Every structure is written in structure tokens, then in C-alpha cells.
Amino acid sequence: MSAEDTAVGRVFPVEGEPVLRYTLHERLCHWLAGLTYLYLLMSGLALYSPYLYWMAAVLGGGPTIRFWHPWVGLLFAVAVVWMHTIWRGEMRTTDADRAWNSNVMKYVENRDEELPPVGRFNPGQKQFYWAMFFGMVLLLMSGIVMWSPEVVPAGLRALRPWAVILHELGALVTIGAFIIHVYMGLFVVPGGFRAIVHGYVSRGWARAHHRLWYERIANQPTADK
């Protein structure tokens, strides 16, 4: 990891230089979680509906995705737990988040300049994070039962159909959250996708979208990780 990737938001000596938003460590974790989830999304939909089975051909065929889907699911769970060790402290709801939530209609109406300032992650990002975290837990627990139904004791066989229902519920929640996350990152917040690829944002971007975070890092010689 390079020296500039050791502290998020380290202060640069030149005003015009960018701010480090995501370290290499954070970016690797994010992309591992994102790419494994994308595979699970496509393979899961192919297994779920015959109308979407064409996705199986893209991913190597039915037997292939049937084999790899649960294993990639475990890798996704590991990635989310890894992410949790990195960001859980920054995903707590703050007073600034509550003020932002009370003015959320200004965000919907594209009046961002009237919104209260927020920290490194805004409330929408935090809600997405928790939706994916608890969705992962639900998918993992139900998925294990579906993967190896023989591990369920005979007296608890009723859990098997419930596992299918809960797996579908977890999939619906995470798919919806994932679509919104990708849409926001690519089309609604210019610079968001570039930040998670390259790690850096301009100072103007940081001030506009995460003013409290920018002000915090701008007033200390090194920043919080």
C-alpha cells in the first residue's frame, strides 16, 4: 500500500490537490463485495426463474452456477464481514444524519445545496450498508439450509420451506438496495464511481457532498482511517 493510502483524507499541502476518500484497502474490500454480489445476483436469478435462465449460459451453464453459487455466497459473506470491520464505526446514525433525514425531500427535489451537512457517509449510504449487512446474514443462514438440507434435524423440517422464503426475501431487499446504489454512484452523484476506483475526490466535491468530513480532515494533520 502506498504512503498516500495510509490515511483517509490526509491533508495535502496544495489547495488544488485532491483528497483521499477511500484507501486501497477499502477499495479492494468494496470491489470484492460488489463483484461477488453481482455474480450471486445473476446466478441466483437464473436458478430462480426459467425466464432468466439465459444468464446461466453467460456464466458457464446450469451445473456450473449450481456449484459455484453457494461458494461465491460464502466469499461474499467474508467480504461483507471484512467491510464491517472497516466501516462499522462510521455507520452509526448521528445527529447530523437525523437532520439530513428530516430534510430528505430537498434531496429528492435536487436541492442539495439546502441540505444539512453530513460526515464521511450520508444517511442513504449508511442505510444501504445496513441493508446489505443484514441481508447478507439472512441470505447466509437461509442459504446454508438450502445448500445442505440434511443438516436440519428431522424435527425441524418445517425450516426448509421457510429457508426458501427467507432467501427470496433477502434477495429482494439486497437486489433493490444494490440497484439503487449502482444508479446513485453512476448517474446521480458525479465523481462517486471514480472515487471508489481511484480513491480520490476533489476538495470541491468533498465540501459539496460531505462537508463535515471535509472540515474535519482539513483541520488536522492526519485523518481518521
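Some notes on this structure:
Table: residues versus (1) at pLDDT 95 or above; (2) within 24 Å of residue 22 (Cα to Cα); (3) of a type in the set (Asp, Glu).
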| site | (1), (2), (3) |
| --- | --- |
| 65 | yes, no, no |
| 70 | yes, no, no |
| 86 | yes, yes, no |
| 97 | no, yes, yes |
| 109 | no, no, yes |
| 115 | no, yes, no |
| 152 | no, no, no |
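- Some residue of the range 22-34 being modelled with pLDDT of 95 or more, open to solvent by less than 80 Å² (accessible area, probe 1.4 Å) and farther than 27 Å from residue 194 by Cβ: no
- Matching residues in the range 187-214 - criterion: being within 19 Å of residue 29 (Cα to Cα) and either without any contact (Cβ under 8 Å) to a residue 12 or more places away in the chain or not hydrophobic (A, V, I, L, M, F, W, C) (or both): 192, 193, 194, 198, 199, 200
- Test: residue in the range 149-160 that is touching a residue at least 12 places away in the same chain (Cβ under 8 Å) and closer than 26 Å to residue 89 by Cβ: no
- Considering residues of the range 103-119 that are open to solvent by 30 Å² or more (accessible area, probe 1.4 Å) and of a type in the set (Val, Ile, Thr) only, the residue nearest to residue 181 (Cα to Cα): 108
- Wholly within the range 120-225, helices (runs of 4 or more DSSP H) carrying at least 3 residues that are closer than 28 Å to residue 104 by Cβ, open to solvent by 70 Å² or more (accessible area, probe 1.4 Å) and out of contact with any His (no Cβ under 8 Å at 6 or more places or on another chain): 123-147, 159-183, 211-218
- For the range 118-134, the set of residues classified as touching a Gly at 6+ places or on another chain (Cβ under 9 Å) and charged (D, E, K, R) consists of 120 only.
The values are calculated or read from the model by the stated rules, or taken from the named source; none is laboratory data. As the structure is a prediction and not an experimental result, all values here were calculated from the model. Every residue, glycine as well, gets a Cβ built from its backbone with ideal geometry; the counts of neighbours run over all protein chains shown. Heavy atoms of the whole protein, side chains included, go into the accessibility calculation; ligands, DNA and RNA do not. Shrake-Rupley method; radii C 1.70, N 1.55, O 1.52, S 1.80 Å.
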